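Engineer: Here it is: the structure, laid out below.
The values are calculated or read from the model by the stated rules, or taken from the named source; none is laboratory data. If you're wondering where the values come from, they're calculated on a predicted model, not measured in any experiment. Glycine also receives a Cβ, built like all others from the backbone with ideal geometry; neighbour counts cover every protein chain displayed.
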Amino acid sequence: MPAAYEVYALSPGGRTVDWSTRLYLHPAGDTMTSAYFLWLLRGPAGPILVDTGFTHRLGRAKGVAVERLRTREALLDAAGVDPREVTTVLLTHLHWDHFDLEGFLPNAVFWVQRGELEFWTSGDGATDPWIRRFLSDCFDRDLETIRSDGRLRILDGPAVPAAGVRLEPVGGHSPGMQVVVVDSSRGPFVIANDALTTYRNLREWAPPAIHLNSIAECLRAMARIKELCDGDEQRLSPGHDGEVWTKFPEVAPGVYRLA
Ligand SMILES: [Zn+2]
């Protein structure tokens, strides 16, 4: 019997955006609620976070109306987790809304794919100013901090950070994008994150509008995600879909029980 984890989405809130920013080549003029998330896995290995969320300072710098957003500290508090007790953080990719530390999670080891790290440190993402917009303005400093502390775990393919939790690189949205598959009481639960920005990407078979690597790779990632969750939306969390707020119960402010 595999270890069963409880899976939670922690959401600071969201904003209204055009569907064309989510579905590639979708005509403009039709809006949706784009939610922000980080995820919490609760199980035998202790609390595990998937991604880090971001500070209000950074959100403001990126043009987000942060006054209406909950802080990540408040979300962890609502979920009963002290950030200092988190020792494992699985980074799906390194875009600013998923990786921003600024001193947060001081005792955690961060798991990231080598392809993702190298893209942002020695590939196009290291120099091209348009691509760099996807990073936090503290990226270099945050990375240096966890690297020099020995808290960076670099992966070369699928990995099992804890019994019942698997990482699988899929690429597409970002070069080293990885999805998280968690053994839950519902069966394998897939945190697809931005490999599948919204449920509609899968329903309508439309790649995410943001695809730094390759549209074909995005579509392969979507096919793999569908296979991993058996096409069951109750075992699937996309990266920015406000539909998560209504599909799953809110058990504390901003804390959604997914499985
Ligand atoms: Zn994102």
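Engineer: Is there any pair with a first residue in the range 187-199 that is within 11 Å of the ligand (Cβ to nearest atom) and assigned to a strand (DSSP E or B) and a second that is at pLDDT below 95 and not polar (S, T, N, Q) whose Cβ atoms are under 9 Å apart and which are 6 or more apart or on different chains, and what are they?
Structural biologist: From the range 187-199, the pairs are 193/173.
Engineer: Go through the range 107-122 residue by residue and tally those that are assigned to a loop (DSSP other than H, G, I, E, B) and farther than 21 Å from residue 179 by Cβ.
Structural biologist: Number satisfying all stated conditions: 2.
Engineer: Tell me yes or no: at least one residue of the range 82-90 is in contact with a Lys or Arg (Cβ under 8 Å, 6 or more places away or on another chain), crowded, with 19+ Cβ neighbours inside 10 Å and assigned to a strand (DSSP E or B).
Structural biologist: No: the range 82-90 contains no residue that is in contact with a Lys or Arg (Cβ under 8 Å, 6 or more places away or on another chain), crowded, with 19+ Cβ neighbours inside 10 Å and assigned to a strand (DSSP E or B).
Engineer: Oh, and also: Taking only the range 223-259 into account, find how many residues are touching a residue at least 40 places away in the same chain (Cβ under 8 Å), part of a helix (DSSP H, G or I) and within 24 Å of residue 25 (Cα to Cα).
Structural biologist: Residues in the range 223-259 being touching a residue at least 40 places away in the same chain (Cβ under 8 Å), part of a helix (DSSP H, G or I) and within 24 Å of residue 25 (Cα to Cα): 3 in total.
Engineer: Looking only at residues that are surrounded by 20 or more Cβ atoms within 10 Å (Cβ to Cβ) and small (Gly, Ala, Ser) in the range 185-197, which one is nearest to residue 48 (Cα to Cα)?
Structural biologist: 192
Engineer: Please enumerate the residues belonging to the range 34-60 that are outside any loop (DSSP other than H, G, I, E, B), within 18 Å of residue 195 (Cα to Cα) and of a type in the set (Val, Ile, Thr).
Structural biologist: 50
Engineer: Please go through the range 74-106 and give me each residue that is in contact with a helix residue (DSSP H, G or I) (Cβ under 7 Å, 6 or more places away or on another chain) and without any contact (Cβ under 8 Å) to a residue 24 or more places away in the chain, ordered by number.
Structural biologist: Across the range 74-106, the qualifying residues are 83, 106.
Engineer: Is there a residue in the range 224-238 that is closer than 30 Å to residue 129 by Cβ and either among the β-branched types (Val, Ile, Thr) or in contact with a helix residue (DSSP H, G or I) (Cβ under 6 Å, 6 or more places away or on another chain) (or both)?
Structural biologist: Yes, the range 224-238 contains a residue that is closer than 30 Å to residue 129 by Cβ and either among the β-branched types (Val, Ile, Thr) or in contact with a helix residue (DSSP H, G or I) (Cβ under 6 Å, 6 or more places away or on another chain) (or both).
Engineer: Is it the case that the range 4-22 has a residue that's over 18 Å from the mean Cα position of the chain (by Cα) and at pLDDT below 90?
Structural biologist: no
Engineer: Please go through the range 124-171 and pick out each residue that is acidic (Asp, Glu) and not in a strand (DSSP E or B).
Structural biologist: Result: 124, 128, 137, 140, 142, 144, 149, 156.
Engineer: Name the residue, out of 45, 108, 35, 61, that is surrounded by 15 or more Cβ atoms within 10 Å (Cβ to Cβ), among the aliphatic types (A, V, I, L, M) and in contact with a Gly (Cβ under 7 Å, 6 or more places away or on another chain).
Structural biologist: Of the residues listed, the single one that is surrounded by 15 or more Cβ atoms within 10 Å (Cβ to Cβ), among the aliphatic types (A, V, I, L, M) and in contact with a Gly (Cβ under 7 Å, 6 or more places away or on another chain) is 35.
Engineer: Out of the residues in the range 56-74 meeting the condition of being within 18 Å of residue 40 (Cβ to Cβ) and within 16 Å of the ligand (Cβ to nearest atom), tell me which one is farthest from the chain's Cα centre (by Cα).
Structural biologist: 69
Engineer: A further question follows. If we scan the range 22-32, do we find a residue that is of a type outside the set (S, T, N, Q), in contact (Cβ under 8 Å) with a residue 40 or more places away in the chain and either within 13 Å of the ligand (Cβ to nearest atom) or within 22 Å of residue 189 (Cβ to Cβ) (or both)?
Structural biologist: Yes, the conditions are met somewhere in the range 22-32.
Engineer: Something else: Could you list all residues from the range 205-259 that are farther than 11 Å from residue 9 by Cβ, surrounded by 15 or more Cβ atoms within 10 Å (Cβ to Cβ) and hydroxyl-bearing (Ser, Thr, Tyr)?
Structural biologist: 214
Engineer: Kindly indicate the residue of the range 117-170 that is touching a Lys or Arg at 6+ places or on another chain (Cβ under 8 Å) and crowded, with 20+ Cβ neighbours inside 10 Å and also farthest from residue 5 (Cα to Cα) among those meeting that condition.
Structural biologist: 125
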